[in-house]
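Only one structure is covered here, and it is reproduced in the block below.
Read the figures in this text as sums done on the coordinates, not as results from a lab. Predicted model, so just to flag it, every value in this text is computed and none were measured. Positions of Cβ are backbone-derived with ideal geometry, glycine not excepted, and every protein chain shown enters the neighbour counts.
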Amino acid sequence: MLAYLPRPPTGTSLYGTFPQKPDPPAAPRALAEDCHPQATATAKRNILMPNYPSPPRHVSITPGEPSLLRSRGSVATPHHAGDLPWCPPADTQESSARWCPLPALSVANIPTSVRGRTPTRSSATTAVPAAEGLQGRRRRLLEEDGPVLQAGKRQRQRYVTKVGKCQVNLGNIQEKKRFLSDIFTTIVDLKYRWFLFVFMMCYIVTWVVFGTIYFFDAWVRGDVGHRGDPEWPACIENIDGFVSALLFSVESQRTIGYGSRMVTANCAEGVILLMAQSIVGSMIDALMVGCMFVKISRPKKRAQTLIFSKNCVISRRDEQLCLMFRVGDLRDSHMVDAKIRAKLIKSRQTAEGEFIPLEQSELNLGYDTGEDRLFLVEPQIICHVINRRSPFWDMSAESLRREQFEIIIILEGIVEATGMTCQARTSYTEDEILWGYRFEPCMSLEKGAFRVDYSRFEMTFEVQTPAASAKELQELKEMEQQEHSMLSLYWDHLLQPC
């Protein structure tokens, strides 16, 4: 449960539950605006640009000053001279001190204790080996905080596994007698090894119990000591021990009837025991055979042939950011009335301070338009439009890496062969969402039919997608429309005759 708490940033308090967005430093931003007056306008324009790296600027830097820039995979790598933008100094005295800061510098990820031990900036007279040692140490520190260890830290307990198993264990159940009231479902839900054990023990126990009763009755009446005496009125013939009584119990319940042992009309208790064993045996047959049939033909096994893509993708479709995944059916017998829905699992804290662990919220997959009902003949790409009602409305490509959530996909339908309801499940974490990708087509036209190539089911390709959130894109679009309308009004006013 604690694994779904949001990650606090480096500088947050030890007892803080939720991280707060750190304020950017004022001095570097002022310095950057001083270096580039058009930075504000350029930043707004770059939001709509695809998430590709911009070409480097070729300027000169002072030797011995290593610089670090975060790449696309969040790995800080050293840059050569000429990659760091440098401002022309206002005078000669500030020529060695005015440097333009980079937009995203990974040095802030270094722990405070490590930064305290980092040497200060070396002067121009510092030897080259000393600069290389500083650069190497900083590179190693940043690589320790790179995506390899980040992925290891982000490994956590999933709510639902990729194969659809719910990772929730129920404990401290006081009223366990409720399971006995629904004994049929309890037996069906058992694992196969326990189910086979219960199946065998039901028969063995009844055979032994009734065999013991038969032997005790024969021993009390004296049939055991008078075996072979034709003048003795025996209740059960040819019973001389417990093994023969057990064999008589098995033959009676399974209606084998070898003919050597039988119940006579000399005693009423023998007839009553035979009738009771026949009724109990029929009940056990009905229960165990029914459980075996249901367990073998459960629609849960049908879900093994319903597959989901390993990753979700986020890209633009019809000028809107969409979260998409792919689902397919491997069998020729199709699902009837297939419906799909999605749940977002994420912990949050309310405005009153209440902590809600693993809160479930619905993701719209088209239930208001009917697009959630599938005709699952070929693989389908399911789309969630990121609009104002979506929980991903204000989430960008950068903030996606800092989030912790899980998307659960549930596909339900009726099995065409048996008419039973089947449910298939999978889940996606934030690490399994690819920003700026799209699924490759896996359908092709053959002579007389369409062909599905499932080897291309998981394949994706990169497309130009803005790294900004859908909220920011909508705001920029509204700003452009407002500017366009104001410009059109201005030109209309100029074109009017005096």
* Ranked highest first by average number of other Cβ atoms within 10 Å, how do 273-285, 177-189, 301-313 line up? -> 301-313, 273-285, 177-189
* On the first, second and third principal axes, largest extent first, how far apart are the outermost C-alpha atoms of segment 189-297 in Å? -> 56, 21, 20
* Asked: Could you give the dipole magnitude of segment 302-475 about its Cα centre, charging the beta-carbon of Lys and Arg +1 and that of Asp and Glu -1, in debye to the nearest 20?
  -> 280
* To do: Set the Förster radius R0 to 51 Å, insert the Cβ-Cβ distance between residue 179 and residue 480 as r into 1/(1 + (r/R0)^6), and round the FRET efficiency to 0.05.
  => 0.25
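Rg to Rh for segment 240-320: what is it, with Cα atoms only and Rh by Kirkwood? Working shown, then result.
Details: Rg = 27.6 Å, Rh = 17.9 Å.
The Rg/Rh ratio comes out at 1.54.
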* Structure fact -> Quick calc: nm separation of the 7 Å Cα→Cβ label points for residue 447 and residue 237 -> 7.7
* **Given 176/346; 295/343; 165/310; 162/191; 310/346, the pairs whose alpha carbons are separated by over 24 Å** => 176/346; 295/343
* Structure fact -> The extension gain from residue 462 to residue 162, computed as 0.36 nm times the residue separation minus the Cα-Cα distance, is 105.6 nm
* Structure fact -> So, with points 7 Å from each Cα along the Cβ direction, the residue 292-residue 389 label distance in nm works out to 5.1
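To one decimal place, what orientation-averaged projected area in nm² is obtained for the convex hull of the Cα set of segment 150-235?
Values: hull surface 46.3 nm².
Averaging across all directions leaves 11.6 nm² for the Cα convex hull.
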* **Computed over segment 422-473, Cα set: Rg, Dmax in Å** => 15.9, 48
* Cross-link partners of residue 471 among lysines (Cα-Cα below 19 Å; sequence separation of 8 or more within a chain) -> 21, 44
* Asked: Which length gain, in nm to one decimal place, applies between residue 282 and residue 256 when the Cα-Cα distance is subtracted from 0.36 nm times their residue separation?
  -> 7.9 nm
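Quick check on segment 389-439: take the gyration tensor over C-alpha atoms, sort the square-rooted eigenvalues as a ≥ b ≥ c, and tell me if it's rounded (a/c under 1.5), prolate or oblate. It would help to have the intermediate numbers written out before the result.
Numbers: a/c = 3.15, a/b = 2.80, b/c = 1.12.
Because a/c hits 1.5 or more and a/b exceeds b/c, segment 389-439 counts as prolate.
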* In nm, to one decimal, how far is the modelled label at residue 172 from the one at residue 205, with both set 7 Å along Cα→Cβ? -> 3.1
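Computed from the mean reciprocal separation of all distinct C-alpha pairs, what Kirkwood hydrodynamic radius does segment 273-430 have, in Å? It would help to have the intermediate numbers written out before the result.
Values: mean 1/r = 0.0537 Å⁻¹.
Averaging 1/r across every pair of different Cα atoms and inverting gives 18.6 Å.
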